[in-house]
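We did not get these values from a lab; they are worked out from the coordinates using the rules stated. This is a predicted model, so every value here is computed, not measured. Positions of Cβ are generated from backbone atoms using ideal geometry, with glycine treated the same way; all protein chains shown enter the neighbour counts.
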Amino acid sequence: MATTEAALILAPQFDDAEQQHDSDSLGMWVFLVTEVMFFGGLFAAYAVYRYLDFPAFVAASRRLSVTLGAINTAVLLTSSLTMALAVRAVQLGRRRELVYLLLATISLGAVFLGIKAYEYYDDYLHHLIPGSRFAFDGPFPARVEMFFVLYFFMTGLHAFHLIVGIIMVGIITFLAWRRRSVVQGTTQVELVGLYWHFIDLVWIFLYPMLYLVDIHR
Amino acid sequence: MSDAIVPLRTNFAVFGGLMVLLLATVGLARFDLGRGNLIVAMTIAAIKALLVLLYFMHLKYSHRLTWVVAVAGIIWLSLLLLLTLSDFTSRGWIDVPGK
Amino acid sequence: MTLVREPVTAHEDYLDAGYSLKSWLLTTDHKRIGLLYMASITFFFFVGGAAATIMRLELMTPRGDVLYTPDSYNRLFTLHGVIMVWFFLIPSIPAVLGNFLLPIMIGARDLAFPRLNLLSWYIYIVGGLLVLGVLIFGGVDTGWTFYVPFSSMFSNTNVIGAAVGVFIVGFSSILTGLNFIVTTHTMRCEGMTWERLPLFVWSMYATSLILVLATPVLAITLALLAAERIWGVGIFDPKLGGDPVLFQHLFWFYSHPAVYVMILPGFGVISEIVPCFSRRTIFGYKFMAGALLTIALVGFVVWGHHMFVSGQSMYAGMVFSLLSFIVAIPSGIKVFNWTATLYKGSIRFDTPMLYALGFIGLFTIGGLTGLVLASLGVNPHVHDTYFVVAHFHYIMVGGMVMAYLGGIHFWWPKLSGRMYPELWGKLAALTVFIGFNLTFFPQFVLGYLGMPRRVYEYAPEFQVLNVMSTAGASILAVGYVLPLAYLLLSLRYGSRATANPWRATGLEWQTESPPPTENFVEPPVVIEGPYAYSPEAAEEADHGHH
Amino acid sequence: MWNFPLFPERASTGAHDVDFVFFCVMLVILFFLGLILSLFVTFLIRYRRGTKVNRSEPPDTNLKIEVAWVVIPLIISILLYVLATSVFFRLYRAPGDAYVVNVVGKRWMFTLQHPEGKREINELHVPIGRPVQLQMISQDVIHSFFVPAFRTKQDLLPGRYTTLWFEPTKVGKYHLFCAEYCGTNHSRMAGSVYVMEPADYERWLEVGGSNITLAKQGEALFQARHCGGCHGPSQAVRAPLLDGVYGSQVPVLREGDKVPHFVAADQRYIRDSILEPKKEIVAGYEPLMPSYRDQLGEDDLLKLIAYIKSIGLGKEAAR
C-alpha cells in the first residue's frame, strides 16, 4: 500500500526531520533511565530485605503461583513481539498490519492484567494482603508480611505502568486507524514501542525475584 | 533507534530465545543450587533483558549515544543497590552492637 | 517527503511578542518560561526567607517566647527547609537562567521539547500550590528530611500532602533535566562542538544528569512514605522488621546529589562572570568541564556521610568517608582555576563580579568545612549540630544564592533590555556579603560548642552567638530586598541596554537585548572557543575612553 | 551573659582525640583558605583595570599546575582520612571492662538504668576514670544521645541496640542533648551528665534505699513469666539451658539452611529470640517458644538480658 505523498510536520525549533527524530528518541531513552531509577528504589528495598530475612522470603514466595507467573511472563513477552512487529510495520508503511499488531499488543496487555487481577484476588482470599487482615500461619508472619508489602508495591507499580502503556498504545492505534498515511506516526509508534519493551524488561526481572525464590523444596 | 528495519526472522528468533530462557529459568529453579539459584535466575533474566534491548528496542542498530544512556541506567541502578547493600551486609563485622 | 515548517514571526523581541495573559501562560518560548520561573521562584524565596527571619527572631532568646509552642517552630523550620530546597534552590539557576540562556548559548531556536518545558512549569506550580496549601492548613513538622518512623507513624501533621507536593515538583526537575540533556546533544548550531560549549552549558548538562538520575529515587521514597502513612503498613515499619536506616539510604541517595544540583549551576554562572570581568580566557577549560562531570558522577556515591552516627555499619562509614574526601578534589580544581583566571587579567569590579568574588570566597569556606564533616573522627561530634547548618548555608546561601544574584545581574540586560543601577547593585552585594557572614559564621562556633539543630530552646550560654546570628539575618534580609526593588524599578527607569553591554563573548551576546523570539535573525556559526577575551585589548580600550 | 564560651570543655579521653583530628582538619582548611585568599587578593589588586603591569599572553592552561592541585589535596585528604578513621574506631569500640548502663529513649526523655538498679531520667551520674558503655534502644522514633563535652553521639533506633562509650576525665556537670529531631519537645529532651569522684558516686548510689540490682529484677521477671518452666532445670519442654550462654557462639539452623551457622549470643540475639523465637532457633530444638512481642517492653528485655548475662558469667568462670 504505497504511502501517498504525506508531509512530516517539523516543529519550528528543529532544522530537519533527522534531528527531530534523534531528539525524540534520545528523550524517550533518558525518560526510560528515570523509570529504571524509579523502580530502582524498590529493587534496593527488595535486595536489603531479601538479605536480612531470606527465610521469610522463601516461605512467602511459595505462596505465589509459579505457573501463573510463568504464563504472565509468556504473555508479556508475546506482547513485546507484537509491538516489535508493529514498529516494523509502521517503518514499512503497512497501516492495516500496524493496526492489527497494535490491537494484539493491547489485548495481550489486558490478558496480563486479567491474570494479575486474578492473582491479587486469590491473595485477598488467603488473607495475604498486608494490613490488619493479614494472616500467615507459618513462622515469622511479620517478615512474610514485609515480603507481601514489597510484592504488592512492585507488581502494583508495574501494573500501573502497564495500564498507562495500554492507554498510549490505544491512542496510537486510533490515530493509525483514522489517518490515511502512517508517515506522521512513525516516531510516535517507535517511542511507545520503547516504553512497552521497558515494561516487559521490568517484569523479566520481577518474575524470578518474586516468584522463584528458592522454590525447589 | 535508527531507521533499521529488523527482519521478521530475527524478531521471531529473538522471541523463541526469550521463550526458551523463560522455560529455563522456571526449570532451573526446581534444582537446589543454594546461593546459585539467585545467580542463575538473574543471569537468565539479564540475557532476556539484553535480547529485548538489542533487538526489540533496536539498540543494536542505534547511535552510540543510546548505548551510553542504556549503560548509564544500569550503572546507576547498581550504584544504588551495591552501596546500600554495603551497609546492611557489613553490619556486625565489628563487635560493636549497632555499628 | 517535503518539510512543512511552521510560519516564523517577524523579528520583534520576545517581550513584545504578546502582552495578553494567554500569551504568557500558554507560551512555549523558553525565554518566557524562564521569566515565569523567575517570578514563581522569587515568590517562594521570600516565603522561605520570611520563615527564616521568624526562626532567627525566635532563637534570639534561649527560652521559646516569640512563638507560643515548639510545634509552631517545628512547622516553621520544616517550611523553610521544604520551600527553600525544592522550590528555590533546585529550580533557580537551571529553570531561570538555564531555560533562558541554554538555547541561545548553543545557537538553537528553542529547547528540544518546548511544550514539555511549559508542562514542567505547570507541574512546578501545582506542586507549589499543594505544598502552600499544606502549610496553610496546619503545616508539616517532620523537617525537610521526613525521617521515618517519626514522619510515618508519629507525626500528626499532613505529611502526605507535603510528600505528594514534593513528589510532583520532582517531576518538574526530571522533565527540565531531560529537556536540557536532549537539547545539548542534538540542538547545537553549526561549529558549536563540545569543546566550544560555554562552561554554563556544561554546568547545565552536568546538573541535568543528576536531576534525571537522582530525582526518581526521591519520588519512589516519598511515595513509599505516603503509602506507609495511608495504609499503616510499609517497608520502613520496625514492627515488620523494616529498618528506618533504609529510608535514610534512599532519601540521601537523592538528597546528596541534590546539593550538587544546587551548586553546579552556580559554578557555571561564575565560570561565565569571572572571565568576562577579568577579560581573560578561563584557566584550564578542559579541567573545569571535567570537574563538573566528575562532581556530578562521584556525587552519587558519597551519601553515607549523612549517616555515620545513625546506625550505619562502621565499614560502610569508612567507604563513604573516603569517597567524600575524593569528591572534594574537583571542587578544589574549580576554585584554583577561577583564581588562576584572575592572573594577568584586567579586572573590573562591577556587581556581577562582586557576587562572583563573594561566591568564590564563601564557597571555599563552605566546601572546606565539608572536610570536617566528612572525617569520621569529628563527625560524631558535629553531626546534627549548627556546624552542619553553617556548612550547608555557606554553600547554599554563600555560594548558590550569590551566584544566582550574580547571574541575574550579569544577564539582566539580555533578559529585560534594561541596565540595573550599578551603585545600588554594589551596595546590595556588600550588604548581602556582610549580613551573610554575620549570620552564619557564629553558627560554626555554636556547632562545635554542641548546640543541636532544629531546637526551639537552647542552653543559655549559646545566646550571645545566636543574637549575633539574628543581627546578621536582619542585614541579610535587607540585602535581599534591595535587588528585588531596584531590578523591578529598572524595568521602567533603567537605561536601555545594548546587545553586548559587558563586551562579553558567547552567542547570547551576539543577538539583540532582549532577543527576538527565534533568538537569532539568521542561524549563528561558531568558529572559535568560548572566552576569547584579551586583557591587553581591554587596557587599550580603556585608554581610548579616557 | 557576656562570659560565653567559644570552645567546649574537654571531659573525656575521646574528646582529646576528636579535638586533635578537628585541629588537623582546621589546619588543612586554613592552609588552603590562606593560599587561595592570598592569591586572590594579590591578583585582584595587581591586575585591576588601569594598572600598568605585564599582561602578555596570559596562560589559559598548564597541565603541571592542574595535576599538582589534584594530587596534593588528594594526598592530604588521604592522610586526614586515615587519622580520622583511626579515631572513629577508638571512639566506638569500648574496652572490655566497661560499666554498662542501659538507655531507653522515649519521646522526649532518656531513661538510664544502672546495673545496681538505680534508674534516672535525663540525668546520668558516673564516676571519673571508669569507662562507661551505654547500651541504647528507642521505643518510638529515632533519638540521638549527645554529650558535647565527650565529643560523641549515637542515634537510638527502634528495634535495634546501638552503643556509645566514654571515659570521663574531668569532674563536673555537662550538657546532654537529643541531637536527632524527634517531634514537639525535641529541644526539651535534654539533661546533664554528672561526673563525680568515685567516693561521692558510691554515696550517691546508696541514696534512696537499697535498690535491687538489674540482674535480680531480671530474675524476678524470668520467674514471673515462667521462662524457667522450659529454660530452667525442670525442662517441662526441651529448651536450651541459659547458663553460660551469654557471649558464647550458638549453632543456629535457619529455615532453608542445611548446615547450622554460628551466631554470637549477645543482647541482639537474645532480644530477637524473645520477640521472634522462630527466626534463629538453636540447632536441634523445636520451634515451640511463643513470641513475647507485645508483652515485654524494652526495659523488661534489658532486665532479662542483664539476668541472663549474670548467670552466664558465673558459669563461665566455673567451666
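Is it the case, given these coordinates, that A:PHE14 is of a type in the set (A, V, I, L, M, F, W, C), under 30 Å from C:PRO523 (Cβ atoms) and within 9 Å of another protein chain (Cβ to nearest Cβ)?
Yes; evaluated as a whole, the condition is true for this residue.
Inspect all residues belonging to the stretch C:172-188 and state whether any of them is more than 24 Å from C:PRO216 (Cβ to Cβ) and either buried (at least 22 other Cβ atoms within 10 Å of the Cβ) or in contact (Cβ under 8 Å) with a residue 24 or more places away in the chain (or both).
Here is the first cut: in the stretch C:172-188, the residues more than 24 Å from C:PRO216 (Cβ to Cβ) are C:187-188.
Retained after the next criterion (residues that are either buried (at least 22 other Cβ atoms within 10 Å of the Cβ) or in contact (Cβ under 8 Å) with a residue 24 or more places away in the chain (or both)): C:187-188.
Yes, the stretch C:172-188 contains a residue that is more than 24 Å from C:PRO216 (Cβ to Cβ) and either buried (at least 22 other Cβ atoms within 10 Å of the Cβ) or in contact (Cβ under 8 Å) with a residue 24 or more places away in the chain (or both).
Within the stretch B:63-86, work out how many residues are within 7 Å of chain A (Cβ to nearest Cβ) and either under 14 Å from C:LEU209 (Cβ atoms) or of a type in the set (Val, Ile, Thr) (or both).
The number of residues fulfilling the criteria is 7.
Which of the residues belonging to the stretch C:185-218 are of a type outside the set (A, V, I, L, M, F, W, C), over 15 Å from C:GLU508 (Cα atoms) and within 20 Å of the chain's Cα centre (by Cα)?
Scanning the stretch C:185-218 gives C:SER203, C:TYR205, C:THR207, C:SER208, C:THR215, C:PRO216.
Given the conditions (1) free of Cβ contacts under 8 Å to residues at least 12 places away in the same chain; (2) buried (at least 16 other Cβ atoms within 10 Å of the Cβ), report the number of the one that D:GLY244 does not fulfil.
(1) is the only condition that D:GLY244 fails.
With (1) within 28 Å of C:VAL445 (Cα to Cα); (2) surrounded by 20 or more Cβ atoms within 10 Å (Cβ to Cβ) as the list, and D:LEU157 as the residue in question, which single condition is left unmet?
Exception for D:LEU157: condition (1).
Basic (Lys, Arg) and either over 28 Å from C:ILE270 (Cβ atoms) or in a loop (DSSP other than H, G, I, E, B) (or both) - does that describe any residue in the stretch C:190-204?
No, the stretch C:190-204 has no match at all.
Quick one: which residue in C:ILE93, C:ILE54 is surrounded by fewer than 21 Cβ atoms within 10 Å (Cβ to Cβ) and either in contact with a His (Cβ under 6 Å, 6 or more places away or on another chain) or on the phi < 0 side of the Ramachandran plot (or both)?
C:ILE54
Of all residues in the stretch D:51-71 being loosely packed, with under 13 Cβ neighbours inside 10 Å and either among the small types (Gly, Ala, Ser) or part of a helix (DSSP H, G or I) (or both), which is nearest to the chain's Cα centre (by Cα)?
The residue in question is D:VAL71.
Sort out which residues of the stretch C:247-301 are among the β-branched types (Val, Ile, Thr), over 24 Å from C:SER346 (Cβ atoms), within 14 Å of chain D (Cβ to nearest Cβ) and surrounded by fewer than 24 Cβ atoms within 10 Å (Cβ to Cβ), and write them in order of number.
Residues satisfying the conditions are C:THR294, C:VAL298.
Tell me which helices (runs of 4 or more DSSP H) are completely within the stretch D:212-319 and hold 3 or more residues being away from every other protein chain (no Cβ under 14 Å), or say none if there are none.
Hits in the stretch D:212-319: D:214-224, D:228-231, D:298-318.
Inspect the stretch C:336-343 for any residue being farther than 25 Å from C:GLY268 by Cα, in contact (Cβ under 8 Å) with a residue 40 or more places away in the chain and polar (S, T, N, Q) and give the result as yes or no.
Scanning the stretch C:336-343, I find no residue that is farther than 25 Å from C:GLY268 by Cα, in contact (Cβ under 8 Å) with a residue 40 or more places away in the chain and polar (S, T, N, Q), so the answer is no.
So in the stretch D:90-101, with the set limited to residues that are within 11 Å of the chain's Cα centre (by Cα) and crowded, with 19+ Cβ neighbours inside 10 Å, which one is farthest from C:PRO380 (Cα to Cα)?
Quick first cut of the stretch D:90-101, residues within 11 Å of the chain's Cα centre (by Cα) only: D:91-94.
Then drop every residue that is not crowded, with 19+ Cβ neighbours inside 10 Å, which leaves D:91-92, D:94.
Values: D:LEU91: 9, D:TYR92: 10, D:ALA94: 15 Å.
Looking at residues that are within 11 Å of the chain's Cα centre (by Cα) and crowded, with 19+ Cβ neighbours inside 10 Å, I get D:ALA94.
Among the residues of the stretch D:155-172, which ones are of a type outside the set (A, V, I, L, M, F, W, C) and in contact (Cβ under 8 Å) with a residue 60 or more places away in the chain?
Hits for the stretch D:155-172 are D:ARG160, D:TYR161, D:THR163, D:GLU167, D:PRO168, D:THR169, D:LYS170, D:GLY172.
Are any of the residues in the stretch C:322-330 touching a residue at least 60 places away in the same chain (Cβ under 8 Å) and under 25 Å from the mean Cα position of the chain (by Cα)?
So far as the stretch C:322-330 goes, no, none of its residues is touching a residue at least 60 places away in the same chain (Cβ under 8 Å) and under 25 Å from the mean Cα position of the chain (by Cα).
Output yes when any residue across the stretch D:148-156 is more than 18 Å from D:ASP299 (Cα to Cα), among the β-branched types (Val, Ile, Thr) and touching a Lys or Arg at 6+ places or on another chain (Cβ under 9 Å), and no when none is.
Quick first cut of the stretch D:148-156, residues more than 18 Å from D:ASP299 (Cα to Cα) only: D:148-154.
Next, from what is left, pick out any that are among the β-branched types (Val, Ile, Thr): D:152.
Next, only the ones that are touching a Lys or Arg at 6+ places or on another chain (Cβ under 9 Å) stay: none.
No - not one qualifying residue is present in the stretch D:148-156.
Failed condition for C:LEU132, given (1) more than 23 Å from the chain's Cα centre (by Cα); (2) surrounded by fewer than 24 Cβ atoms within 10 Å (Cβ to Cβ); (3) more than 8 Å from every other protein chain (Cβ to nearest Cβ), with all others met?
C:LEU132 satisfies every listed condition except (1).
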